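These notes are about the structure you will find just below.
The values are calculated or read from the model by the stated rules, or taken from the named source; none is laboratory data. The structure displayed is predicted, hence computed values, not measured ones. Here the Cβ positions follow ideal geometry from the backbone for every residue, glycine too, while neighbour counts run over all protein chains shown. Note: areas computed on protein heavy atoms with side chains; ligands, DNA, RNA excluded. Shrake-Rupley method; radii C 1.70, N 1.55, O 1.52, S 1.80 Å.
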Amino acid sequence: MLEAKAKNGFVQDEVCKMLYQSYKHLNKTYHIQSYGCQMNTHDSEKLAGMLSMSGFSPAASKEEADIILFNTCCVREHAEKRVFGNIGALKKLKDEKPKLIIGVCGCMMQQEEVADRLMRRFPFVDLVFGTHNLNEFPSMLKAVLDGERTSSIIEGCEIEEGLPVKRADGVSAFINIIYGCNNYCSYCIVPYVRGRERSREPEKIVEEAKALADQGYKEITLLGQNVNSYAPNGEKDGFAKLLYMLNDIDGIERIRFMTSHPKDLSRGLIEAMVRLPKVCNHIHLPVQSGSNRILEAMNRRYTREHYMDLVDQLREHVSGIELTTDIIVGFPSETEEDFNDTLDLVNRVGFSSAYTFMYSPRRGTKAAKMPGQLDAETKKMRLLALNELQAEHVRANNKKYIGKSAVVLTEGYDERKGLAFGKMTNFKMVYFPADKDAIGRFISVKIEGEQKNSLIGRIEGTNMSRDAEK
Ligand code: SF4
């Protein structure tokens, strides 16, 4: 593994320009397959940005692409099996199109032994790189186009500023504010593959948000493994202060953030959510378990009482707030009593949505070696029971909106359903009949029904002011 160099700007723009001159006229195309969380999705947008800058355009399908990139995630069990399976399936395509370039990157490749295994097992893969050397991609691509096979995994890095980004839509955009994680939850591989926490300078974030507003984006989502520990220069309550700065930007109408760690959620943040009209009334607050014993074994560093207290404060002060969460069932040594504590917490909070998972050991984490690993059947049964309970809460939560009006920022149009869709400020998804020109507009919708994870409505009025939202 190489040592990282400090990178405070996109130093490879010259390489991109060189590639552009050599390849633009050949109309080469790319396809990026992204796995995992929003951080990975946003990294894929940066890869797309560098490819566009180098003269490549998106392919209509994987089969038609000249370059295929897999941006991998290693958080879930079986991820490796799945990714290796999907890469293996490309062999046929590579045999038919020997000039096809296949690259693999992302968290999974940050684990050097996995990257080595992949390079050995699939000699037709041309380039491999980790999460920390994203900005070396243009020169690696150039090497491959010059006939080399290349791989580069570096450990630890400075924040990379100025990477070009090609975003998926023109309404809502992701902005990284903090990279890495210091928390070492005992089940999680992220701190090992994404490194220690590094906060971006607030001025750079504000600059990026202003540029997005100039391009017509109306909503930003601030990203980090734990946005609450955003602390440029170790500053206290840095995240709340950042929200105040972003709230002043003309053109940005909604500010979201993800993910929040309950142990770091400050009073200052709750106050900012109350005071700042553009900060949305939604929080994704992973609880992971309702049992104090399991929370301690997970090294989460909060109790269920603390979590419930945060929920009470948020509900008391932030009008119309909805909470979403992540929950793991079947953590090592979890008893029926522990699991019942989780069900009880779910009943008490009433999350509007929850990502639920069966615990799966990740190599290299503390929990993988803990005694009391549960059998698959027990974990499966618990997950089923939790999902059934959560589905009841989603239905009840949806029902409370029926007959009410809501302001939706239209994000897109679902061709299959023939409906436009967008979100309320509190993250509730709404589908409604409208033309594609509704995209990017605030629309007042009367909620008339619900389906599994979303609401159905009809338009009452268009071009609503954002002030009508909260
Ligand atoms: S807070 Fe915990 S679960 Fe989240 S990324 Fe960090 S170590 Fe993983």
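Annotations for the structure displayed:
- Just the protein heavy atoms count here, and of the accessible area of the stretch 131-251 at 1.4 Å, carbon and sulfur take up 45 percent.
- Whole-number percent relative contact order across the stretch 13-100, with pairs defined as alpha carbons under 8 Å at least 6 apart: 34 percent
- Per-residue HN-Hα couplings for the stretch 128-145 [Karplus 6.51, -1.76, 1.60; θ = phi - 60°; Hz; x = Gly/Pro]: 9, 8, x, 5, 8, 10, 4, 6, 8, 3, x, 6, 5, 5, 4, 4, 5, 5
- Per residue, the solvent-accessible area of the stretch 2-155 (1.4 Å probe, heavy atoms of protein chains only, all protein chains present) comes to 44 Å².
- Here the chain carries DSSP beta bridges of which approximately 35% are antiparallel, counting only pairs with both residues inside.
- Under the convention that each Lys and Arg Cβ holds +1 and each Asp and Glu Cβ holds -1, the size of the dipole of the chain around its Cα centre is about 660 debye.
- Of all accessible heavy-atom area on the stretch 405-468, the percent that carbon and sulfur account for (1.4 Å): 45 percent
- Vicinal HN-Hα couplings computed from phi for the stretch 32-41 (Karplus, 6.51 cos²θ - 1.76 cosθ + 1.60; Hz; Gly/Pro x): 10, 9, 9, 10, x, 7, 5, 4, 5, 4
- Only aspartates and glutamates eight or more places from Lys24 in sequence, or on another chain, were considered; those with a Cα closer than 19 Å are Asp13, Glu14, Glu64, Asp66, Asp146.
- Phi to ³J(HN,Hα) by Karplus 6.51 cos²θ - 1.76 cosθ + 1.60 over the stretch 81-92, Hz, x for Gly, Pro: 4, 5, 5, 4, x, 5, 6, x, 5, 7, 4, 4
- Using a probe of 1.4 angstrom and keeping all protein chains present, the accessible surface of the stretch 285-399 works out to 46 square angstrom per residue.
- The mean sequence distance of close C-alpha pairs (under 8 Å, at least 6 residues apart), as a share of the length of the stretch 285-399, puts its relative contact order at 30 percent.
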